[in-house]
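Undergrad: Have a look at this one.
The values are calculated or read from the model by the stated rules, or taken from the named source; none is laboratory data. Just so it is clear, the structure is predicted and the values come from calculations on it, not from any experiment. All Cβ positions, even for glycine, are placed from backbone atoms using ideal geometry, and neighbour counts span all protein chains on display. For the accessible areas, the whole protein counts, side chains as well, though only heavy atoms, and no ligand, DNA or RNA atoms are used. Shrake-Rupley method; radii C 1.70, N 1.55, O 1.52, S 1.80 Å.
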Amino acid sequence: MQVKILSYYRLHKIPILLALASILFYYTFAYHLVRTDFVKLITLATALFFICYKLIQFEKWNFKFLLTAGILFRLVFLCVEPMLSQDFNRFIWDGELVLQGLNPYLQTPDTIVELGKISIDNAAHLYASMGEISAKNFSNYPPLNQLIFALAAFFSGKSMVGGIITMRIIILLADIGVVYFGRKLLTHLNLSSHLVFWYFLNPLVVIELTGNLHFEGVMLFFFIWSMYLLSQKNTCLQLQY
């Protein structure tokens, strides 16, 4: 077993070191970056994009390595509050309303706080942290998102860590789904399946979706899945004729 590990390390030494460097940079991004520190942000992002390019260049046919690396990069953010976005506070707020059987589209947080008739866990913190613009506007997130927010609110508890972990796991699973169906779709189109890792290892995707808890990746999963199903249907129709 040790011989196999050593042999694998020798064959993939540089990519492994690059992946470890990425984990360190993502850790710095998640835990030690102030959003106003523009120079540090750009420096980290530039380094991560360069490593992304090199990882795909070195290991583009090593599916397990690139998949594992992408998952590990995302897990760095698992328990930490987003540093570059405060939207997650509104997500959990809307989820709390859904859990109480209330329509999150009918009243703004400002109105709810003024009326003081609804009991929401961590209400003061969520309201203060979501930002003035979000607090005075109606929710604009679609029903599927509201379902995810309700799950996050259910597991949030007083610390909200449970809610953050829940949302991140859903986003991570969606990204894995993009890789799964994306590779199949690329193969069907006679394109190289490794191209999907330009999405999965992209630092902008990792930071903005998993790190900042945005759900475009979930929507992209359904889009890629639907494109794959359509491609299969078209193939079946062509075979019939």
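Every residue, every condition in (1) touching a residue at least 60 places away in the same chain (Cβ under 8 Å); (2) in contact with a strand residue (DSSP E or B) (Cβ under 8 Å, 6 or more places away or on another chain); (3) of a type in the set (Phe, Trp, Tyr); (4) over 20 Å from Phe63 (Cα atoms), yes or no:
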| position | (1), (2), (3), (4) |
| --- | --- |
| Ala135 | no, no, no, yes |
| Ala174 | no, no, no, no |
| Phe197 | yes, no, yes, no |
| Asn202 | yes, no, no, no |
| Val205 | no, no, no, no |
| His214 | yes, no, no, yes |
| Ser226 | no, no, no, yes |
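Undergrad: Here's a follow-up. If you check every pair at least six apart or on different chains, which have Cβ atoms under 8 Å apart with a residue in segment 1-21 that is more than 19 Å from Phe63 (Cβ to Cβ) first and a residue that is at pLDDT 85 or above second?
TA: Filtered contacts from segment 1-21: Ala21/Ala47; Ala21/Ile51.
Undergrad: Looking at segment 117-139, which of its residues are farther than 23 Å from Glu216 by Cα and either in contact with a helix residue (DSSP H, G or I) (Cβ under 6 Å, 6 or more places away or on another chain) or part of a loop (DSSP other than H, G, I, E, B) (or both)?
TA: If the condition is that a residue be farther than 23 Å from Glu216 by Cα and either in contact with a helix residue (DSSP H, G or I) (Cβ under 6 Å, 6 or more places away or on another chain) or part of a loop (DSSP other than H, G, I, E, B) (or both), then Lys117, Ile118, Ser119, Ile120, Asp121, Asn122, Tyr127, Lys136 are the ones that fit.
Undergrad: Continuing with this model, one more query. Can you tell me which residue among Ser85, Ser139 is modelled with pLDDT of 90 or more and within 23 Å of the chain's Cα centre (by Cα)? Reasoning before the result, please.
TA: On the way: Ser85 fails: modelled with pLDDT of 90 or more.
The unique qualifying residue is Ser139.
Undergrad: Okay, moving on. Which ranges mark the helices (runs of 4 or more DSSP H) fully within segment 140-241 that have 3 or more residues being in contact with a Phe, Trp or Tyr (Cβ under 9 Å, 6 or more places away or on another chain), closer than 20 Å to Ile23 by Cβ and open to solvent by less than 40 Å² (accessible area, probe 1.4 Å)? Walk me through how you get there before you give the answer.
TA: Working: elements: 143-156, 161-188, 197-200, 216-240.
Passing ranges, in order: 161-188.
Undergrad: Pick out the one residue from Leu126, Leu97, Leu55, Leu66 that is crowded, with 18+ Cβ neighbours inside 10 Å, more than 18 Å from the chain's Cα centre (by Cα) and under 30 Å from Ile5 (Cα atoms).
TA: Numbers: Leu126 fails: under 30 Å from Ile5 (Cα atoms); Leu97 fails: under 30 Å from Ile5 (Cα atoms); Leu66 fails: more than 18 Å from the chain's Cα centre (by Cα).
Residue meeting the stated conditions: Leu55.
Undergrad: Here are the criteria: (1) closer than 30 Å to Gly157 by Cβ; (2) in contact (Cβ under 8 Å) with a residue 12 or more places away in the chain; (3) surrounded by fewer than 15 Cβ atoms within 10 Å (Cβ to Cβ). Tell me which single one His32 does not satisfy.
TA: (2)
Undergrad: Working only within segment 1-20, note down all residues that are open to solvent by less than 40 Å² (accessible area, probe 1.4 Å) and within 17 Å of Phe77 (Cβ to Cβ).
TA: Ala19
Undergrad: When both residues are 6+ apart or on different chains and their Cβ atoms are under 6 Å apart, which pairs have a first residue that lies in segment 59-70 and is under 16 Å from Leu173 (Cα atoms), and a second that is open to solvent by less than 30 Å² (accessible area, probe 1.4 Å)?
TA: Leu66/Glu59; Leu66/Phe197; Ala69/Ala19; Gly70/Phe200; Gly70/Leu201
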